[in-house]
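One structure is given below, encoded as structure tokens.
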Amino acid sequence: MADIIHITSLALVDAVNPCTLTVQALLLSALLITKGRKNALLGGVFFFGTIYFMYLLYGLGILQVLYTLGIENILRIVLKVLLGIMIIMEFYAVLSYKPGFRSLEMPLKFRPYAKKLLASVENPYTAIPVAALCSILLLPCSSGPYLSALMLLAQSSLEKLAILLYYNFIFILPMIAITLIVAFGTSPKKILDWKERHIKKLHLIAGLLLLGVFLTV
């Protein structure tokens, strides 16, 4: 039961990361301009579906690497260190926000590439290859929580595939919500504005969730 709570907390940290809000809003902005609201909805579905599938593959691959390395006995130490680093980064972001790696967001040098990719989406079906590429650019945002969850999972007796399916569903929940919100009338710009107004609160929530995991693993 404790492992499920820990993994859920890490998935929520991933889900509230500002990266997902930005990426989804940029995609839907491009589709709204070129194809209208109905196609924006369809493109959003293709986008978060592809992200889900790609992250599932990443998780399965990383788990296999962990088993191959045979380091289960030191994973808890590595996990504690990783969680400690993420907690410091998140609370630092609350106290002195700066975009980029310092606050567990997409690195600044990757952002122009992501924006260019998303702006190139001219029909909902091209959201699939674009999402596959963006999943790589999103990794710096979510590698910490995801890797922490995978290390926990490698040490537990939980059903690995079922937990990965569960974790990644939580991860894409903001993408699903944003797709529906935009489809029913809210502009992507309002979502980005909301993110900017509440970004420190998002990092505070993430930091508190990580602290809870750190204190109980």
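What follows draws every value from the coordinates through simple rules; no lab data is involved. These numbers come from a predicted model, not from an experiment. Heads up, the Cβs are rebuilt from the backbone with ideal geometry, glycines too, and the neighbour counts pull from every protein chain shown.
Once C-alpha pairs closer than 8 Å and six or more residues apart are averaged by separation and normalised to the residue number of segment 2-216, the relative contact order reads 47 percent. Segment 122-138 and segment 162-216 have Cα centres spaced 19 Å apart. Lacking any other cysteine beta-carbon closer than 4.7 Å, the following Cys residues of the chain have no compatible partner: CYS134. Farthest toward the positive end of the dipole of the chain, out of THR34, GLY70, LEU165, is the Cα of THR34, where the dipole comes from beta carbon charges about the Cα centre. Taking 30 Å as the straight-line reach from the Cα of LYS38, the lysines in range (excluding those fewer than 8 positions away in the same chain) are LYS115, LYS116, LYS189, LYS190, LYS195. Put simply, the C-alpha atoms of segment 46-92 give a gyration tensor, and the ellipsoid matching it has half-axes of 25, 20, 5 Å, longest first.
Only helices reaching 27 angstrom along their own axis (Cα) with mean Kyte-Doolittle hydropathy no lower than -0.5 count here, and for the DSSP H runs of the chain these are 37-69, 75-95, 127-155, 160-183, 188-216. The magnitude of the dipole of segment 2-216, with charges of +1 and -1 set on the Cβ of Lys/Arg and Asp/Glu and taken from the Cα centre, is near 740 debye.
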